[in-house]
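K.L.:
I have a structure I would like to understand better, so I am pasting it below and will then ask my questions one at a time.
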Amino acid sequence: MDAAPVVETIGLTKRYRGKLALDGVDLSVGSGEIFGLLGPNGAGKTTAVKLLLGLVRASSGQARLLGVPAGEPEARRHVGYLPELFRYPRWLTGREVLRLHARLAGLEVRDWDEMVAAALATADLAERADDRVATYSKGMQQRLGLAVALLGNPRLVILDEPTTALDPLGRHELRGIVRGLRERGTSVLLNSHQLSEVEQVCDRVAILDHGKVLAVGSLNELLSPGGVRIRATGVGVEALQSFGEVNVDGPWLLVRDLEEQRIPELVEAVIGAGGRVYGVEMLQPSLEERFRAIVGSP
Ligand code: ATP
């Protein structure tokens with residue numbers, strides 16, 4: 001197993017006629033990692049994917065897939081790609097679609113049956129493989145797209161907004177498949193607007209805006225505790241002001257940005273001021289709140 005990261009970009013920059021679409025992006029995705037690229041419209045997510053797939057050339061900086069410069073055919077050999085919008089001929093069966101793509105990908109004919117069967121099994125489509133695409137639900141069509149991306153057992157699968165068109169059940173199924181990919185060591189790079197989606201499936205996330213990475217880290221790192229709330233009677237906001245900004249939320253007092261180590265001190269202060277404590281809970285901001293705080297949108 002080679003030690004090179006599955007994806008590595010260093011100072012990756014793309015200008016379209018002078019307009020910066022990507023501005024010095026440094027990213028690294030490891031083996032078996034599910035990595036989310038999050039950002040508002042126009043942030044540069046699609047540009048990053050196009051650079052990795054070798055569909056556009058970088059203005060400066062580098063992008064490598066398994067140590068090979070992106071754009072070289074050898075780099076592409078290890079990548080599966082599920083575009084955001086795709087349609088397969090409705091009169092073909094799922095298996096025929098996969099065989100067609102096996103041919104287009106130049107896979108060895110003697111491997112087709114085995115590879116097609118493996119991709120169908122991973123995408124949980126084996127039972128409907130010989131039905132026509134016309135009879136597939138949207139979720140099944142999306143899983144067929146995923147099966148196409150998985151042909152040939154790539155080391156990296158790039159999924160562009162994979163769940164946008166799916167209902168909750170379809171999303172749940174797709175998440176299960178993506179988690180299964182991690183278990184067998186396939187890395188996934190997932191572009192998404194749906195923060196809740198990224199929250200549920202990604203190991204690490206990069207938040208992109210105006211072509212720059214604003215934050216990158218594991219979800220635990222990005223969702224570091226945002227303070228505590230304490231349910232108490234007999235104490236006013238004034239008694240706790242030395243702990244930071246305190247807000248009242250029904251029976252709760254919210255203390256933002258309080259470090260965990262200071263919670264006992266806070267409880268003591270409430271009791272010291274004559275209050276009674278009925279509950280203390282950590283405030284965990286959702287990724288959406290963090291995202292808004294980082295990109296500065298309302
Ligand atoms: P979305 O979520 O809307 O797909 P995105 O994060 O994928 O957005 P990109 O499509 O990468 O963003 O676009 C980044 C910036 O580059 C945008 O300002 C966009 O207008 C610009 N851009 C993208 N492609 C081109 C192009 N071919 N020519 C000129 N400008 C472009």
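The values are calculated or read from the model by the stated rules, or taken from the named source; none is laboratory data. Quantities reported herein were computed from a predicted structural model and do not represent experimental measurements. Every residue, glycine among them, receives a Cβ derived from its backbone with ideal geometry; neighbour counts consider all protein chains shown. We work out accessible area using only protein heavy atoms, side chains counted, and drop any ligands, DNA or RNA first. Shrake-Rupley method; radii C 1.70, N 1.55, O 1.52, S 1.80 Å.
K.L.:
Every residue in the stretch 183-228 that is under 30 Å from ARG256 (Cα atoms), within 16 Å of the ligand (Cβ to nearest atom) and in a strand (DSSP E or B), please.
P.N.:
Residues satisfying the conditions are SER192, VAL205, ALA206, ILE207, LEU208, ASP209, LYS212, VAL213, LEU214, ALA215, VAL216.
K.L.:
Do we have GLY94 as without any contact (Cβ under 8 Å) to a residue 60 or more places away in the chain, more than 15 Å from the ligand (Cβ to nearest atom) and buried (at least 19 other Cβ atoms within 10 Å of the Cβ) here?
P.N.:
Spelling it out, GLY94 is indeed without any contact (Cβ under 8 Å) to a residue 60 or more places away in the chain, more than 15 Å from the ligand (Cβ to nearest atom) and buried (at least 19 other Cβ atoms within 10 Å of the Cβ).
K.L.:
Moving on. For the stretch 2-19, state whether one or more residues are within 30 Å of ASP113 (Cβ to Cβ), touching a strand residue (DSSP E or B) at 6+ places or on another chain (Cβ under 7 Å) and away from the ligand (no atom under 14 Å from the Cβ).
P.N.:
yes
K.L.:
Run down ALA119, ALA123 and say which single residue is surrounded by 19 or more Cβ atoms within 10 Å (Cβ to Cβ), in contact (Cβ under 8 Å) with a residue 40 or more places away in the chain and touching a helix residue (DSSP H, G or I) at 6+ places or on another chain (Cβ under 8 Å).
P.N.:
Of ALA119, ALA123, the one residue that is surrounded by 19 or more Cβ atoms within 10 Å (Cβ to Cβ), in contact (Cβ under 8 Å) with a residue 40 or more places away in the chain and touching a helix residue (DSSP H, G or I) at 6+ places or on another chain (Cβ under 8 Å) is ALA123.
K.L.:
Of all residues being within 14 Å of the ligand (Cβ to nearest atom), under 26 Å from LEU219 (Cβ atoms) and among the hydroxyl-bearing types (Ser, Thr, Tyr) in the stretch 20-73, which is least open to solvent (accessible area, probe 1.4 Å)? Just the residue, please.
P.N.:
Checked the stretch 20-73; the qualifying residue least open to solvent (accessible area, probe 1.4 Å) is THR47.
K.L.:
Being open to solvent by 20 Å² or more (accessible area, probe 1.4 Å), of a type in the set (Asp, Glu) and under 11 Å from the mean Cα position of the chain (by Cα): is that true of ASP160 here?
P.N.:
no
K.L.:
Tell me the residue from GLY152, GLY180, GLY139 that is in a loop (DSSP other than H, G, I, E, B), at pLDDT below 90 and within 29 Å of GLY106 (Cα to Cα), please.
P.N.:
So the residue among GLY152, GLY180, GLY139 that is in a loop (DSSP other than H, G, I, E, B), at pLDDT below 90 and within 29 Å of GLY106 (Cα to Cα) is GLY152.
K.L.:
Cβ-Cβ under 7 Å, sequence separation 6+ or interchain: first residue in the stretch 202-228 and among the polar types (S, T, N, Q), partner assigned to a strand (DSSP E or B). Which pairs?
P.N.:
Close Cβ pairs (under 7 Å, with a partner that is assigned to a strand (DSSP E or B)) amount to SER218/ARG204.
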